[in-house]
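Below: one structure, written as structure tokens.
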Amino acid sequence: MEYERIVDISLCHEYYNGSSCGFQVEPSFETAEILKREQILCRIYDGKVRLIAPVGTLDEEITLFFYVRASIAEIWNVTNFEGVAHDEFPTAVVSSIRGVYFEGRKKDSMPELQRKFGVIFALEICLDLNEPLICTVKVPTRKMRWCYCVSGVYADRDLFICDSSKTDDPVMFDCVEKSSRFSLYISKCEIPIVSGAPSRFQLLDSATSKVLIKSLPNASGKTLAKTRLCDGSRAIVAECFVNP
């Protein structure tokens, strides 16, 4: 029997610069029955889903449903599915007509979900009989305000954080707290958290513009904290500790 590739989907995360970061994919019970009935071979490995079917056997459009687990705990901190309500579950819908997009689905429409642990989102594949479905599903990284907590010899000095990557529209920071032990500088806007990205911020002395630290560490999903902003409100920020 001759087979042909009908689906080739790669899963990756923007936080890991396009790496699959240990995504594990499992078909739903109904999808497993469809694959068996239609004699579709399912190959799942390294964050990829590949389906191979006998040539000419599919005579109607098919929708397949998979659950995607995250084997790295940090993924939960750095992922943000915008537009998905708290009582909904994020689902990546893949079709040849609309491409790839995320939407929220009611959790009670997925009874299997209650019996599965570590599922971060669902994957729905809408098969088109006219052409193979080949694409990449990028899981979005969270954008957060970055907070530099400066301690040590620079704690009580007036500092300035310079954005060396953007001279036309740089990210600015507010000093929200200062003492003899530490000072907190929080970005005025949200910044994507990306693992391994080049360092973009420098620490300067406000009075002399002297560069004190040429390369400040980037924020990560491992150091999240709640702090108070300049307007008195509280927000979750990604902390970076600086102790020269």
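Say whether the condition of being out of contact with any His (no Cβ under 9 Å at 6 or more places or on another chain), farther than 30 Å from F102 by Cα and not in a loop (DSSP other than H, G, I, E, B) is met by at least one residue in the stretch 189-201.
yes
Does the stretch 78-101 hold any residues that are among the β-branched types (V, I, T) and surrounded by fewer than 17 Cβ atoms within 10 Å (Cβ to Cβ), and which are they? Please lay out each step first, then the result.
As a first pass, look at the stretch 78-101 and keep what is among the β-branched types (V, I, T): 78-79, 84, 91, 93-94, 97, 100.
Scanning the stretch 78-101 gives V84, I97, V100.
Can you tell me which residue in the stretch 35-54 is surrounded by the fewest Cβ atoms within 10 Å (Cβ to Cβ), limited to those that are hydrophobic (A, V, I, L, M, F, W, C) and not in a loop (DSSP other than H, G, I, E, B)? Lay out the reasoning, then the answer.
Step one: list which residues in the stretch 35-54 are hydrophobic (A, V, I, L, M, F, W, C), which gives 35, 40-42, 44, 49, 51-53.
Then drop every residue that is not not in a loop (DSSP other than H, G, I, E, B), which leaves 35, 41-42, 44, 49, 51-53.
Working: L35: 17, L41: 13, C42: 18, I44: 16, V49: 24, L51: 24, I52: 15, A53: 21.
Among those that are hydrophobic (A, V, I, L, M, F, W, C) and not in a loop (DSSP other than H, G, I, E, B), it is L41.
Can A219 be described as surrounded by fewer than 16 Cβ atoms within 10 Å (Cβ to Cβ) and assigned to a loop (DSSP other than H, G, I, E, B)?
Working: surrounded by fewer than 16 Cβ atoms within 10 Å (Cβ to Cβ): no; assigned to a loop (DSSP other than H, G, I, E, B): yes.
It is false that A219 is surrounded by fewer than 16 Cβ atoms within 10 Å (Cβ to Cβ) and assigned to a loop (DSSP other than H, G, I, E, B).
Considering every residue within the stretch 20-32, establish whether at least one is touching a Ser or Thr at 6+ places or on another chain (Cβ under 9 Å), within 15 Å of V137 (Cβ to Cβ), hydrophobic (A, V, I, L, M, F, W, C) and not in a strand (DSSP E or B).
Taking every residue of the stretch 20-32 in turn, at least one turns out to be touching a Ser or Thr at 6+ places or on another chain (Cβ under 9 Å), within 15 Å of V137 (Cβ to Cβ), hydrophobic (A, V, I, L, M, F, W, C) and not in a strand (DSSP E or B).
Taking the stretch 142-174 on its own, how many of its residues are over 29 Å from E74 (Cβ atoms), outside any loop (DSSP other than H, G, I, E, B) and without any contact (Cβ under 8 Å) to a residue 40 or more places away in the chain?
Number of matching residues: 0.
Restricting the stretch 6-55 to residues that are free of Cβ contacts under 8 Å to residues at least 60 places away in the same chain and β-branched (V, I, T), which is nearest to G221 (Cα to Cα)?
Restricting to residues being free of Cβ contacts under 8 Å to residues at least 60 places away in the same chain and β-branched (V, I, T), the top hit is I44.
Does D128 count as assigned by TED's automatic domain parsing to the domain that holds V84, in a helix (DSSP H, G or I) and more than 30 Å from F182 (Cβ to Cβ)?
Numbers: assigned by TED's automatic domain parsing to the domain that holds V84: yes; in a helix (DSSP H, G or I): no; more than 30 Å from F182 (Cβ to Cβ): yes.
So D128 does not fit the description; no.
I'm checking my understanding of the structure. Among residues of the stretch 223-244 that are surrounded by fewer than 15 Cβ atoms within 10 Å (Cβ to Cβ) and among the polar types (S, T, N, Q), which one is farthest from E190 (Cα to Cα)?
Of everything passing the filter in the stretch 223-244, N243 is farthest from E190 (Cα to Cα).
The values are calculated or read from the model by the stated rules, or taken from the named source; none is laboratory data. Remember, it's a predicted structure, so these values are computed and weren't measured experimentally. So basically every Cβ, Gly included, is an ideal-geometry build from the backbone, and we count neighbours across all protein chains shown.
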